[in-house]
Every structure is written in C-alpha cells, then in structure tokens.
Amino acid sequence: MGDASDSAGLETKQGRLIRAPLVPPAAALAAGCLAGRYLPAPISLWMLLGAAGLIAAFATLSRPRLAALRTAAILAAVVSLGAVRMHQAWFSVPRDDIVTYTGRSKILATIRGRVASFPQIFSPNVEFGYRPEPRVLFLLDVDEILTDAGRAGKTPAWREARGLVRVTVDEPYVPPRPGERLEIQGWMGRFAPPGNPGQYDTAAAARRGGTWVWFRAPSRRCVHLLQPNQGARSTALWRLRATLRQHLVETGDLQSGRLLNALILGERDASLGTLNRTMQRAGVAHFLSISGLHLGVFLGFVYLLCRLLLLRPRTAAIVSLAVLGAYLLLAEPRPPLLRSAIMAAALLAGVIVGRPGSTLNALGLATILLLLIDPRQILQPGFQMSFAIVAGLIFLFYPMRRFLFGRRLRRRGLVVFRGDQRVRRWLHYSVVNRLIDAVSLAVTCYVVAAPLAAVQFGVFSPWAIGLNLLLFPLVAAVLIPGYVSMALAWPAPNLAAAVGSLSAGAADLLARVVEAFEVLPGLSLPMRPVGVGWGILCYATLAAVLFARGRTGRRILAGVLIAALAGVTVWTQLPAGTPEAQLDLLAVGGGQCAVLQTPAGETHIIDAGTRSGFDVYRRVLAPFLREMRLPNPREAYVSHANSDHYNALPNLAGETGLETLYVCDYFGLGESPFSASRQMLERLHAAGAAVHRLRRGDRVQLDERTRIDVLWPPAGREGLSANDSSLVLRVTCDEKSLLLTGDVEELAQAELLKDPAQLKADALVLPHHGGWAKTLPAFVEAVGPSVILISAGREPKGPSAGRAEIREFYDSLRVKYRCFTTPRNGWIRLRFGRGGQNVRTMR
C-alpha cells in the first residue's frame, strides 16, 4: 500500500508538472537572474551562451531522439536571457540617467520633474534628545537637471535626464500632488552603503527598487511649482487614486483610516511604524501589504456577488477580470500584488475559455512576466517570500494536511450517521474540513516563511500560526466593507460613509488586537545570522519529514536531517568570543556609540546615542549585536548628560534586560524631573537596571584581564558643564590600554594635564567628537597613543576660521598616528591585549 500511494503521489507530481510547462522556463529565468547578479561573468559571455543554446535547440528541432538535449539548450538560453536582463538592470544605466551626474560626494544641483508618488510627512521616531523637524518625502520622475559644465569652460545649462529620485524636504509644508511638475534646488548624491555591520543597506534597497539617487532640499522655499498636474496624461488616474485614498483616510480616525489605506490600496504611512514593527515581530506583517490573501478575499467576494446575481461562471469570471484590472490601476503595484494578479488573471482566463487552470502554471507565468519586466525583483525579500509561500502551498499543502490530520481523516470515515443526524454530519465533515484546511494552510505558510524570515530578518515568531488564524477574520472584516465603501464612494457617498465606518471599526479593533500582542512572552525571538545554507537545510528537512511515510530509508533520512538542522541551528546561535579585549566604535553620525567585549565574552556599552535624528538602537546597535553574534550587554556606561551619548539606552534596556548603568557623579543632578536625562534614568530604573555613580579613583574589574579605571570627574567639584563632567575611562587589558574621554573640553583637559602620567594609553578616542580646544594638542601628546579613534558626523577640521596651527594639528593626526574616523571609515574595531593591538574598519 505504501509503494502504491508513493507511486500515485509521484504520478500526481509528474502530471502537475506536465500541466505546468511554464515552470521549467520560469525556474531557469530566475536562476539566470541570480547568476547575472552574483557570478562575475561579463554580459558578452551570457549572450554567447544564449546564442549557443538557441543554435543547439534549432539544430536538434527535427531529431526526436535529442529532445532532452533540445530542452536543455532552450533552458540554457533562458538562463542566459535572465542573466543578461539582470546585468543590464543592476550593473548599467542609460547615459542620460540622473545617477551619471553624481559621484562619491554630494553636489549642489537643480532638478525638474513630476511627482511620482503620494508625498508623506515623516516624523523621526526619537524619544530623547534631539528631534529633527518633520520632513516631506516623495519620488520625483526627473526630466531635466541644471549642470555646471565649468570644467569644459561652458556656462551652466539645462540637460535632459531621467530616472527616479527620492526627494526629502527638511521642512513640513503642504506637500505637492502627484503629477505636478516641480523645480527643486538642494543637495544630490548616491545612496551610501551601510556604515556598520548588520545595518540595513539603504543603497542596495534603493538599487533594487530602481532609485539610485537621493535629493535633499533644506527648505520648502527650494521647491517651486512649474506646472500643475492638468497636463499630465495620468491626471484622471492620479485624481481618482487621491480621491479614494482621501475617502479611506477620512472613514476612520487617524490610525484606522491610514490602516484602511494600507490594507486596501497598499500605501503604508510612516505613522503606522509602531504597528508595523509589532506585526513584524509577531510574524503577521504580510497582512499590511496587499498579497494573495487580500486579492483572494477581494476577487472571491466579487465572484460570489456575481454568482448571487445569477450570472454564469464565464460571465462572473469576465466581470471579476475587469474589476481586477481596475483595482490594479488604483493599488500600489508591489510584487506580491502583481504576482497574485497575474495568477488570478490566468485562472480566470481558464474559466472564460473553458479550460482547467493550473495554479503552478500560473505561478510560472507570474514569475516570467515579473522578472522580464524587472529582474531586480528577485532580490526583494517580499518577492522571495510571496513566491516561496505560494509554491509551498502548491506542493506541500496536502502532504502537510496528511501529516497533521492523516490519522483523524482515516478514522473519520468509519463514523456512520443516521438520516436524522444531518446537523451532526455537517459539523463532523463540512465544518471540521474547513478547520482542518485553515490550520493546514496556516502551518504550511508558516513553515515555508519561517526560514526566509530568519535568513532575511533574523527573527523567529513562535506565535505566528495562532496569531494568523486569529487575525484573518478581522482582516476579512476590514477588507470586504472597505472594498464596498470604495466602490460606492462616487455614486452613493452617504452609503459609502456608513459602510466605511464598519470597516474603520474593524480596523480599529485589528489595531488594538495587534497592540495587545506585546504582552505575549517570546513574541519574537531574535536570531543571529544563519546564512542561506541553513535555509536550504530547513526546506530539505521539511520535505523529508512530509514525504517520509511508508519507507524506512526516508524516515532515516528525515531523522538525519532533523539532527543536522538542530546541530547547525545551535552552532549558529552561539555567541562569538574574542581572545583579547575589543572596542567597536559604531558610525552613528553626530554622537557616540561604543561596544566593549572582554576576553571573558561579556559585552558592555560605553555611550549609545546620536543627534542625527534616528533610533540608534533599532537601526544600528541591535543589528550590529546580531550580525557580530555578541551576547546581550548587561552593563552600560554613559559619559555625561548629553542625549547624543545615551538616547539609545531606553530601548536597549527594554529589549535586552540591561542590569547596571554607570554614570558620572553629576549625571541628572539639579535638573528638572522632565529633562531627558532624568526621564532616561526613570525609564531604566523601571526596566530593572541599577544605577551606580562613578568618580575619579574608582575601578571596575570586568574580568581577570580587563579593568576600567575612572580618571575624571572628581567628587564635589562645582561649576562643571555637562561636557566637562564627562567620565574619562581607561580600559586596560593585559598591558594594553585605551582612553575614552567623553566630551571633555578645555577645563577638564587642563585639570587632567596636571598629572600627565595617568593619561598614558596605547589608543585614544578623541574628546568631544574631535572638536577643537586649546589644550587638545597637549592632551593628545600626553596620552601618547599609537591609534586615535574619532566618532563624529563629519571629518573634524576645527573652526572654519581657525588659525593655521589648528589646521596643521588636524592634518598631522593622520601623519603622526594611525587615525580612524567614523565619517571616513565607518565602523571601527580596535582589538587590544597581550597580542598587541590591531584595527579593522568597515571601509
């Protein structure tokens, strides 16, 4: 029986592939796109391979015995096509592309173009300290740029250009409307690669999206309206989208209206950032982006409505296809939506022409079309997740159903009901079948998505299966009345508002339920990097487990793979050790964030903050700790009460369980209870962290080989500014030492110079981000370091009107010392101990 069922399953798979002839070329095209991105081969080689494949296929066309060779040749040509398309999209741009006017450094420029997105007002999420003004963000489709051709002796002139530019206006104002033509003056440049390990690669993400260039206007006065959107061909479409967007936003309150807009039209507002992070941690973030689930609910509702109106299946399919086309014009064209739309259109076309559809063939068609249009999409996590989940459902849904409920399904057939037990029979079969299908669907999606989520985002969400089942009816309750309200917005606005209020109420309930997820223990378990190989091992193990029944060899293979996966997982999650002490100075712009790891394996934070207007913990520190496999820090040292040295600590304490905070003797004393420093201390106290105050002469023994000596400030010293009250710490491991000086200025430096012997160290973090003080040259000379580190937002040069000796001092830093700065080098790692000292940088 086992062999029979296995052979039957094999025939089913073979039949499925025979009915899906587009799957092999789709797989070959995807492989070619990846090869074109990652293999160092010139485009001419791929073109030669493609030509050879076509010639071989044509030469074997009349020879049936060489069918296998012909198929291989065609697939090789398709692989080459994918590689050529990817090479063109990723490694080359047109000559008049806007990126060709930029270089490594930003430039002043004036550009003209049309607004190509709905502008958003973005407020930086900074809880303590420096809060930048809200900014206006939008995409501009550039058509002209004013260039200075002085190098060729020419005057500035307008030149044709093309390409999308991400525009930021550093001042809140009434934003432009899509389709309007603008002229903007400001700074322009290419997106920079990340400055720290593990940090989100904005440059790569922008490149995947086809946006190579950023543009920053310092004021709204730099933005000029040249032409309203009356002349644009897409005016009617933009106006319709804007009307529906406004209708959905006004249906509910501030949050529910924007949540409706995200669920129905796919436009995420920056104000949903907290909700989005919670959903990501819970493993339900896919509900916020339009995907097959949303489109299935939408088209299912439309098709059911047509059938209730007694329309024939063919007519209902035609109506559904027309509605799908209209919806695609209104919603954001993201890969999950486009994939779902192409598959739905293919299946509806099958109903219209009277031929059975194949979901696998539809998936292959969607893959081919999307990759031919833009091969860079295969590098997008959303594309990978969407296609992997659908493929997993096609191949693994029934094996998963059999694996989870096979015994119950076999035993259920033995139950006999009398003729008057119709309700019990309906419950026993129909209702239970729906529940079994729902659970099997959720589990299949989860086990397919979980490895990708771990590889791409470093998270594991143990509650995701149950939370997905919980949220699905709520999402459906939001979507169905929302679609109806959107359809009635023009012909019956009052009725649309009434129906929309139902959708807004469901959206508000959905948001409250998601917020309640935060109380669940272990909502999201962070994972250290696991690599693509681990993901492949996960899928191999999953397949072996689901298809292991009936044969001893398969069961043994499944057991071996399970053991291997468990061992590899444990090994990848072990923290990294170091034979010596090491200090990691992270690039955080205008601020300082340092991570100290001792030979005993413990991690300590020495300052963590910025004044550059972003969340240091979530954007820099947490990804760094994960990427470098460092254990969670238990102790933190804050040099002084300026928030660019501590505003990352509240989030750090809330998520990692910080146990001890060391501050100077003057931190927060005499300040208002509402000051940032006092509020930070209260937050850390509430999180369970003990606060200890340090003064000159104290020593903290980190392990047998590593200690911290406090050189400044002394106790009872009055009149010190916040900067001059900074902790000055000397970290010593074996015979090598490092001096961290906070933001001490002239007064504190002069006092420390009274005993220059105490300052001797092998490495120095320059005071006050490298800022100038009269005592600075003597201070550096007294320390006598061989390595100097500087954390700053820009290269330190001293006052712009400084004397020649000041400029000479900063110029001499690179000559006399091994000088590293975060603006130039990015992340800096200094390793010191009995093995000497060495420096490693990001760039």
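Residues in segment 719-760 that are closer than 21 Å to TYR662 by Cβ and part of a loop (DSSP other than H, G, I, E, B): LEU720, SER721, ALA722, ASN723, ASP724, SER725, SER726, LEU727, THR741, GLY742, ASP743, VAL744. Could you tell me whether segment 492-504 includes any residue that is buried (at least 18 other Cβ atoms within 10 Å of the Cβ) and either outside any helix (DSSP H, G or I) or under 26 Å from the mean Cα position of the chain (by Cα) (or both)? There is no residue in segment 492-504 that is buried (at least 18 other Cβ atoms within 10 Å of the Cβ) and either outside any helix (DSSP H, G or I) or under 26 Å from the mean Cα position of the chain (by Cα) (or both).
Tell me yes or no: at least one residue of segment 78-97 is in a strand (DSSP E or B), out of contact with any Asp or Glu (no Cβ under 6 Å at 6 or more places or on another chain) and either at negative phi or of a type in the set (Asp, Glu) (or both). Yes, some residue in segment 78-97 is in a strand (DSSP E or B), out of contact with any Asp or Glu (no Cβ under 6 Å at 6 or more places or on another chain) and either at negative phi or of a type in the set (Asp, Glu) (or both). Screening VAL431 on (1) in contact with a helix residue (DSSP H, G or I) (Cβ under 7 Å, 6 or more places away or on another chain); (2) in a helix (DSSP H, G or I); (3) not charged (D, E, K, R) shows it passes everything except condition (1). Residue count for segment 711-734, restricted to those that are buried (at least 19 other Cβ atoms within 10 Å of the Cβ) and over 40 Å from the mean Cα position of the chain (by Cα): 4. Counting only residues that are assigned to a helix (DSSP H, G or I), of a type in the set (Gly, Ala, Ser) and over 21 Å from VAL459 (Cβ atoms), segment 252-285 holds 4 of them. Among the residues making up segment 803-840, those that are among the charged types (D, E, K, R) and closer than 15 Å to TRP772 by Cβ are ARG803, GLU805, ARG807, GLU808, ASP811. Among the residues of segment 607-624, those identified as open to solvent by less than 10 Å² (accessible area, probe 1.4 Å), in contact (Cβ under 8 Å) with a residue 60 or more places away in the chain and under 23 Å from GLY688 (Cα atoms) are ASP607, GLY609.
I'd like the residue in segment 156-165 that is more than 12 Å from GLY186 (Cβ to Cβ) and modelled with pLDDT of 85 or more and, out of all such residues, is surrounded by the fewest Cβ atoms within 10 Å (Cβ to Cβ). For segment 156-165, the residue satisfying everything is GLU160. Restricting attention to segment 88-97, does a residue exist that is in contact with a strand residue (DSSP E or B) (Cβ under 6 Å, 6 or more places away or on another chain) and either at pLDDT 90 or above or surrounded by fewer than 19 Cβ atoms within 10 Å (Cβ to Cβ) (or both)? Within segment 88-97 (the criterion being in contact with a strand residue (DSSP E or B) (Cβ under 6 Å, 6 or more places away or on another chain) and either at pLDDT 90 or above or surrounded by fewer than 19 Cβ atoms within 10 Å (Cβ to Cβ) (or both)), the answer is yes, since at least one residue qualifies.
Among the residues of segment 681-715, the one identified as free of Cβ contacts under 8 Å to residues at least 12 places away in the same chain and among the small types (Gly, Ala, Ser) is ALA686.
The residue that is farthest from ALA453 (Cα to Cα), counting only those in segment 520-538 that are out of contact with any helix residue (DSSP H, G or I) (no Cβ under 9 Å at 6 or more places or on another chain) and in contact (Cβ under 8 Å) with a residue 60 or more places away in the chain, is GLY522. If you go through segment 188-208 and keep only what is assigned to a helix (DSSP H, G or I) and small (Gly, Ala, Ser), you end up with ALA203, ALA204, ALA205, ALA206. Taking segment 693-725 as the range and being closer than 27 Å to ALA600 by Cα and of a type in the set (Ser, Thr, Tyr) as the test, only THR706 passes. Pairs meeting the criteria (first residue in segment 303-314 and farther than 14 Å from ILE480 by Cβ, second residue open to solvent by 80 Å² or more (accessible area, probe 1.4 Å), beta carbons under 8 Å, at least 6 apart or on different chains) are PRO313/ARG307. The number of residues in segment 775-816 that are of a type in the set (Ser, Thr, Tyr) and open to solvent by less than 40 Å² (accessible area, probe 1.4 Å) comes to 4. Annotation for segment 392-405: no member residue is open to solvent by less than 60 Å² (accessible area, probe 1.4 Å), over 19 Å from ARG208 (Cα atoms) and over 41 Å from the mean Cα position of the chain (by Cα).
Restricting attention to segment 57-75, the residues that are modelled with pLDDT under 90, surrounded by 11 or more Cβ atoms within 10 Å (Cβ to Cβ) and among the hydroxyl-bearing types (Ser, Thr, Tyr) total 1. Taken over segment 571-606, the criterion of being open to solvent by less than 20 Å² (accessible area, probe 1.4 Å), of a type in the set (S, T, N, Q) and not in a strand (DSSP E or B) is satisfied by THR572, THR578, THR598. Residues of segment 344-360 include none that is of a type outside the set (Phe, Trp, Tyr), in a helix (DSSP H, G or I) and more than 30 Å from ALA317 (Cα to Cα).
The values are calculated or read from the model by the stated rules, or taken from the named source; none is laboratory data. Keep in mind it's a predicted model, so treat the numbers as computed, not measured. Here Cβ is always computed from backbone atoms with ideal geometry, including for glycine, and neighbour counts include all displayed protein chains. To get the accessible areas, we keep the full protein, side chains included, count just its heavy atoms, and leave off ligands, DNA and RNA. Shrake-Rupley method; radii C 1.70, N 1.55, O 1.52, S 1.80 Å.
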